[in-house]
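Reading through the structure tokens given below for one structure.
Quick note: the coordinates plus some simple rules give every number you see, no bench work behind them. Please read all numbers here as calculations on a predicted model, not as lab measurements. Note: ideal-geometry Cβ built from the backbone for every residue, glycine included; neighbour counts use all protein chains shown.
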Amino acid sequence: MAKKGGPKTSDGNVVVASNRRARRDYDILDTYECGLVLTGSEVKSLREANVQLVDGFARVERNEMWLFNVTISPWLHSSAHSGHLPERKRKLLMHRSEINRIRARVDQERLSLIPLQIYFKDGRAKIEIALGKGRKMYDKRNAIAKRESDLEAQRAMRRYSR
């Protein structure tokens with residue numbers, strides 16, 4: 001079962017896994033919620049949070065959205081013939097108009113599709129993917145410096161208001 005006390009999305013759904021490195025390595029421009037086509041043992045592994053999103057990415061192929069390099073470990077209690085391949089490509093469920101819009105932006109602006117988090121919504125596995133532009137090393141340093149200066153300013157404001 002997914003953790004009941006874990007982090008939640010803005011809608012109150014429990015997050016199974018999140019990709020923290022994506023927000024560090026990419027400037028996130030837009031986010032989309034997609035459904036996932038999964039097998040039974042994959043769903044059971046997701047409920048136990050046996051998933052890694054770090055190297056994952058999505059791609060549009062033949063008017064369909066596919067998720068690559070997301071590792072869902074085999075369920076502990078599944079047999080060899082009824083299990084699943086940990087790193088198979090998985091189909092994402094989106095409306096055709098959304099897929100066409102995303103494909104146009106990816107082609108024109110040279111963006112990447114990165115998975116941000118997987119969660120369960122009304123008993124169905126959902127994934128949040130984002131259109132992102134890769135950051136250079138100096139951009140990462142600037143973002144870290146800005147975040148630290150903002151935190152320091154907030155601390156100073158709190159100290160002053162006491």
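Spelling out what I want: for every residue of the stretch 132-141, take phi, set θ = phi - 60°, compute 6.51 cos²θ - 1.76 cosθ + 1.60 (Karplus), and round to whole Hz; glycine and proline get x.
For the stretch 132-141, the Karplus curve yields x, 10, x, 9, 7, 4, 5, 5, 5, 5 Hz.
Filter LYS44/LYS91; LYS91/LYS140; LYS44/LYS133 down to the pairs with a C-alpha to C-alpha distance above 22 Å, please.
LYS91/LYS140; LYS44/LYS133
About its Cα centre, how strong a charge dipole does the chain have in debye, to the nearest 20, once Lys and Arg get +1 and Asp and Glu get -1 at the Cβ? If you can, show how the numbers build up before the last one.
On the way: 34 positive and 20 negative charges, 102 e Å.
The calculated dipole for the chain is roughly 500 debye.
Gaussian network model of the chain, Cα springs within a sub-10 Å range: biggest mean-square fluctuation belongs to which of LEU93, LEU46, LEU151?
Looking only at LEU93, LEU46, LEU151, the largest GNM fluctuation is found for LEU151.
Sum -39500 (n - 2.57) across every DSSP H segment of at least 4 residues in the chain, then divide by the residue count to get the 222 nm mean residue ellipticity, nearest 500. Walk me through the numbers on the way to the answer.
Numbers: 4 runs with 53 residues, N = 162.
Dividing the helical sum by the residues of the chain leaves -10500 deg cm²/dmol.
What does the C-alpha gyration tensor say about the overall shape of the stretch 15-135? Classify as rounded when a/c is under 1.5, otherwise prolate if a/b is larger than b/c, or oblate. Walk me through the intermediate numbers first.
On the way: a/c = 2.05, a/b = 1.65, b/c = 1.24.
Because a/c hits 1.5 or more and a/b exceeds b/c, the stretch 15-135 counts as prolate.
Calculated FRET efficiency, LYS121 and LYS146, Cβ-Cβ r, R0 30 Å, to nearest 0.05?
On the way: r = 33 Å, r/R0 = 1.09.
Computed FRET efficiency for LYS121 and LYS146: 0.35.
Kindly express, to the nearest 10 degrees and within the range 0 to 90, the angle between helix 96-109's C-alpha long axis and the longest C-alpha principal axis of the chain.
Helix 96-109 sits at roughly 50 degrees to that axis.
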